[in-house]
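The values are calculated or read from the model by the stated rules, or taken from the named source; none is laboratory data. Source: prediction; values computed, not measured. Here the Cβ positions follow ideal geometry from the backbone for every residue, glycine too, while neighbour counts run over all protein chains shown. These area figures cover heavy atoms from the full protein model, side chains too; ligands, DNA and RNA do not enter into them. Shrake-Rupley method; radii C 1.70, N 1.55, O 1.52, S 1.80 Å.
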Amino acid sequence: MSPPLQIHEPGQTPLPHARRDLAVGIDLGTTNSLIAIAEGARPVVLRDKAGRGLVPSVVAYMEDRVVVGDEARRIMVEHPDRVVASVKRLMGRGAEDVLRVAGQLPYEVAAAVESGGMVRLRVGGRTLTPVEVSADILRAVKARGEAALGRKVTEAVITVPAHFDDAARTATKDAAKLAGLTALRLVNEPTAAALAYGLDKGAEGLYAVFDLGGGTFDISVLRLQMGVFQVLATGGDPLLGGDDFDQVIAEHFLAERARELGEAHLTTGEAKMALMSARLAKEELTTLTSGEWPIVLGGRTSHHRLDRAKLNDLVRPLVDRAIAITQGVLSDARMDPEDVKGVVLVGGSTRVPLVRDMVRELFGTEPLSDIDPDEVVALGAALQAAALTQGSSALLLDVTPLSLGIETMGGLCEKVVPRNTPIPTARAQEFTTYQDGQSAMMIHVVQGERELVTENRSLARFELHGIPAMVAGAARIRVLFAVDVDGLLTVSAEETGTGVRQEVAVKPTYGLSGDEMAGMLRASMEHAREDMEARLLAEARVDADRILIAVDAALRIDAALLSRTERTAIENQMQALRATAQGHDRHRIADAVEALNGATEEFAGRRMDREIRSALRGVAVSALEDRVGAGAAEAKK
Amino acid sequence: MFAILGMPVQFEVDAAELERRYFAEQRRFHPDRFTGKPERERQFSMQHSTNVNEAYRVLGDPVRRAEHLLLLAGQPARTVEETVRDPVILMRALEMREALAEAQSRAEIDGVLKAAKGEALACTAELTKAFANADLQCARTLTLQLTYLQKFIEEARERRTRVVGGQSAGAHS
């Protein structure tokens, strides 16, 4: 069906992209992922037939298939070694980063990782990068969206934690590409949440968004004014979330169990089981004040009592960390807690009563959670997706979460773009040579707040060559940092005297190389082709079966209508089709189906004639058409 | 910088007007408004939006605005080395630092903060006068003073949040 004609106001030109499909918003979360769309005024989460919006960000790698979501979470109980959860915590991370948190991760990290490369996971006999695992989650979320919308989904706004560094952002964009999605924009999660609140509730003034998810913590301070969402400051911790709550509870339970049963070492799988019990306890203590949870390992069960007060003791150091970061961000925004008009809670972990209590205490106001904290980010992303594909009166003005700089003499970090700089931005800084006749200069790009380069994150290294021979300190090297609206950095360097120039789009040290990315894309396209081939083959076989059954039935009833040779010819074609259908060539199957169709044409015609003659005897004319119609349909098969 | 946002070239800035113009420019030219457009237009939008952000950053902050005006007048602001040689500014900075170090309670820190904010306000008023009278030497000294005051206020504010939070706010790791 063609869309209705659009009539525009005189003098107004139609939007050039008015016919573009509405893009979706995707919240690619540590624990759960969601997809939403904003058709009309209100954004909605896209759900499956059972009404479920959340897709658990859990992937099971079985021998013959990849399973994502609720089913993968169930598989975790039986085959914990085949399942990856919380992969978002590894996005854009190097092997060295991961070793630091290895104890906290419920999966095995591949031992042999080439130095400086992206971390790889060993799971279910495969070796995978976090980008590939995230792409599998995105594919599942995309499929859910396509099922709900009844059309292809190709463009999306994807949310990332505000403090995600350049490498993690690039990794997220790569994952989208692998999943066959164009990431129109990466939007910071707290900013997306603010957009949902601002547009839906008409909020104006200074707001804080406190986003404590499964694996990450973000805090942003925004000013909402006349449809402009201006981020003043943002911060967070890439390794602070509900997973850490589970970890401390599980450690508490396992210490009790060790005292009781004298067990020592746990396998990765057993640790996952303990974490599941801990998570259940945490969730149930949101409504209950105390309870008891079992841990069954190696056929031995231990029981663990926990009440709200003990839970608070266990998680308080983690919540304290989030509160301290919040105070730092307020200070960055040159604001005091009492200046903030409202605090929006985002992320499942803000359901923990202690978190709410401490946020309320800090800001002196009841936190807002009237939009479901699990859904608000996806809803905001959908609004931004609509704004980008169809236009909107709202506008997001975001900032860089972390300072960007370059290494100078003595391993010190010289900041070029300070954190909380509005994006897009471009900043230049001049550097000079430190040796007479120096002809090249190494430019080492880092991200972070620390003074020493080694304590910050290394983003990229490149060399500027061809500097003309001069005495030390005479050359003028201008280094330009440009950060785009996705928060991604491009660095260029130039010797201003001679114009020797070099530019790099920052290729994260811990990212995928161009070759790796190309290889993965090729593999995923081949898979897509294989998948498509498999489906077409299955369809061809179904066609073959159908015609074989129909002809077989017809022969049993009406063999009398055929001569012996005619019958043998048909049976030969049937035999040929049966043999071909065993094979894997769908074209040959289709040809054989066609041949059998041809061989039975005459037979079908005779059956129809006979049908009509018998039908005419003693049948009312009105019923005749139905019979003929039915007969014709039958003969066609 | 002033031209990008259509503001008059002077030290005094109407904050509400600056905001209005900043938002208006971003509404028209932010890259979010150009996603479906040709590459050239998107390049332009990115460039212009970047310039608007920079202009807003400079004009919205009294120290950066003053430094920019001095640069336009061919009298770049003073460097750190010059400061250390100015005994008046140095003495005052040391006094304030001492006062902050001695302040223990939230109320005491608030007192120090309030005094510093008052001084900053007075300094800004003097700067307005200096620029109006085209007294650039005086403007240079005042700009430097204001830089110190701003840094100090930030430090005091940070101390204050730590005292209020009741904990030694850890590193933002």
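Along the positive direction of the dipole of the stretch A:260-325 (beta-carbon charges: Lys, Arg +1; Asp, Glu -1; about the Cα centre), which of A:261, A:301, A:285 reaches farthest?
In the stretch A:260-325, that residue is A:285.
Extent of the stretch A:158-216 along each principal axis, from alpha carbon coordinates, in Å, largest to smallest?
38, 22, 19
Output needed: percent of Cα pairs per 10 Å distance bin for the stretch A:314-398, bins running from 0 to the one holding the longest distance.
Calculated over all Cα pairs of the stretch A:314-398, the distribution is 15, 38, 34, 12, 1 percent.
Counting only other chains, and only Cβ atoms inside 10 Å, what mean value do you get across the residues of A:321-329?
Averaged over the peptide's residues, the number is 5.
Hey, any idea what the orientation-averaged projected area of the convex hull of the stretch B:15-60's Cα atoms comes to, in nm²?
Average of the hull's projected areas for the stretch B:15-60 equals 2.8 nm².
Can you compute 3J(HN,Hα) from phi for each residue in the stretch A:390-404, using the Karplus curve 6.51 cos²θ - 1.76 cosθ + 1.60 with θ = phi - 60°, rounded to whole Hz and x for Gly and Pro?
Each residue of the stretch A:390-404 in turn: 10, x, 6, 8, 7, 9, 9, 10, 9, 10, 6, x, 10, 5, 10 Hz.
Which value, in Å² and to the nearest 10, is the accessible area of residue A:303 when all protein chains are kept and the probe is 1.4 Å?
Accessible surface of residue A:303 is approximately 100 Å².
How much length would be gained if the chain were fully extended between residue A:539 and residue A:261, taking 0.36 nm per residue of separation minus their Cα-Cα distance, in nm to one decimal?
Extra length available between residue A:539 and residue A:261 comes to 94.4 nm.
Please list, in order along the stretch A:37-42, the HN-Hα scalar couplings obtained from phi with the Karplus expression 6.51 cos²θ - 1.76 cosθ + 1.60 (θ = phi - 60°), rounded to whole Hz, x for Gly and Pro.
The phi angles translate into 9, 10, 8, x, 7, 9 Hz.
Once amide H atoms are placed 1.01 Å from N in the peptide plane, what residues at a sequence separation of 5 or more from residue A:46, or on another chain, have their amide H within under 5 Å of its amide H?
Amide H neighbours of residue A:46: A:35, A:36, A:37.
Given the C-alpha centroids of the stretch A:292-353 and the stretch A:439-471, what is the distance between them in whole angstrom?
The stretch A:292-353 and the stretch A:439-471 have Cα centres spaced 39 Å from each other.
Tell me, what HN-Hα J-couplings in whole Hz come from the Karplus equation 6.51 cos²θ - 1.76 cosθ + 1.60 at θ = phi - 60° for each residue of the stretch B:10-24, using x for Gly and Pro?
7, 6, 5, 10, 7, 4, 5, 5, 4, 4, 4, 5, 4, 4, 4
Using only the C-alpha atoms of chain B, find the volume of their convex hull and express it per residue in Å³.
Given the Cα convex hull of chain B, per-residue volume reads 172 Å³.
Which listed residue (A:456, A:440, A:411) has the Cα farthest towards the positive end of the charge dipole for the stretch A:404-512, taking +1 on Lys and Arg C-beta and -1 on Asp and Glu C-beta about the Cα centre?
It is A:456.
Taking the alpha carbon gyration tensor of the stretch A:404-512, what are the square roots of 5 times its eigenvalues, largest first, to the nearest whole Å?
23, 15, 13
Please find, in a Gaussian network model of chain B (springs between Cα atoms separated by less than 10 Å), the residue of B:50, B:143, B:128 whose mean-square fluctuation is greatest.
B:50
Lys/Arg Cβ at +1, Asp/Glu Cβ at -1, dipole of the stretch B:15-60 taken about the Cα centre: which of B:46, B:34, B:23 is farthest positive-ward?
Positive-end residue among those listed: B:34.
Where both residues lie in the stretch A:279-424, what percent of DSSP beta bridges are antiparallel, nearest 5?
Roughly 95 percent of the DSSP beta bridges within the stretch A:279-424 come out antiparallel.
Could you compute the FRET efficiency for residue A:435 and residue B:136, with r as their C-beta to C-beta distance and R0 at 35 Å, rounded to 0.05?
Computed FRET efficiency for residue A:435 and residue B:136 comes out at 0.35.
With 27 Å as the limit, write out which pairs from A:152/A:177; A:282/A:341; A:177/A:282; A:49/A:152 have Cα-Cα distances beyond it, or answer none.
Too far apart for the 27 Å limit: A:282/A:341; A:177/A:282.
Can you tell me which of A:483-496, A:353-366, A:172-185, A:328-341 comes out highest on packing, and rank the rest after it, using the mean Cβ neighbours within 10 Å?
Highest to lowest by the protection proxy: A:172-185, A:483-496, A:328-341, A:353-366.
Note down the nm distance, to one decimal, between modelled labels 7 Å out along Cα→Cβ at residue A:369 and at residue A:559.
Using points 7 Å along Cα→Cβ, the separation is 7.4 nm.
Equivalent ellipsoid semi-axes for the stretch A:226-284, as square roots of 5 times the alpha carbon gyration tensor eigenvalues: give them largest first, rounded to whole Å.
37, 12, 10
Distance from a point 7 Å along Cα→Cβ of residue A:594 to each backbone N in the stretch A:533-561: keep the residues under 16 Å and list them by number.
Taking a point 7 Å out along Cα→Cβ of residue A:594, the residues of the stretch A:533-561 whose backbone N falls under 16 Å are A:540-541, A:543-544.
Highest first, please rank the peptides B:60-67, A:401-408 by the mean number of other Cβ atoms sitting within 10 Å of their residues.
Ranked by mean Cβ neighbours within 10 Å, highest first: A:401-408, B:60-67.
What is the gain in length, in nm to one decimal, between residue A:78 and residue A:122 on full extension, counting 0.36 nm per residue of separation less the C-alpha to C-alpha distance?
Additional length available on full extension: 14.1 nm.
Quick check for me: using +1 on Lys/Arg Cβ and -1 on Asp/Glu Cβ, what's the dipole size of the stretch B:15-60 about its Cα centre, in debye to the nearest 20?
140
When Cβ neighbours within 10 Å are restricted to other protein chains, what is their mean count per residue of peptide B:145-158?
The mean count of partner-chain Cβ atoms within 10 Å per residue comes to 1.
Between residue B:60 and residues 5 or more places away or on another chain, which pairs have amide H atoms under 5 Å apart, with H built 1.01 Å from N, and which residues are they?
none
Between residue A:48 and residue A:357, what length comes free when the chain is fully extended (0.36 nm per residue of separation minus the Cα-Cα distance, one decimal in nm)?
Residue separation times 0.36 nm, minus the Cα-Cα distance, leaves 107.8 nm.
If packing is taken as the average count of other Cβ atoms within 10 Å, what order do A:548-559, A:27-38, A:409-420 fall into, highest mean first?
Ranking the peptides A:548-559, A:27-38, A:409-420 by packing returns A:27-38, A:409-420, A:548-559.
Averaged over A:393-403, how many beta carbons belonging to a partner chain fall within 10 Å of each residue's beta carbon?
The per-residue average across the peptide is 2.
Would you pull out the residues with amide H under 5 Å of residue A:402's amide H, same chain only if 5 or more places away, H placed 1.01 Å from N?
A:420
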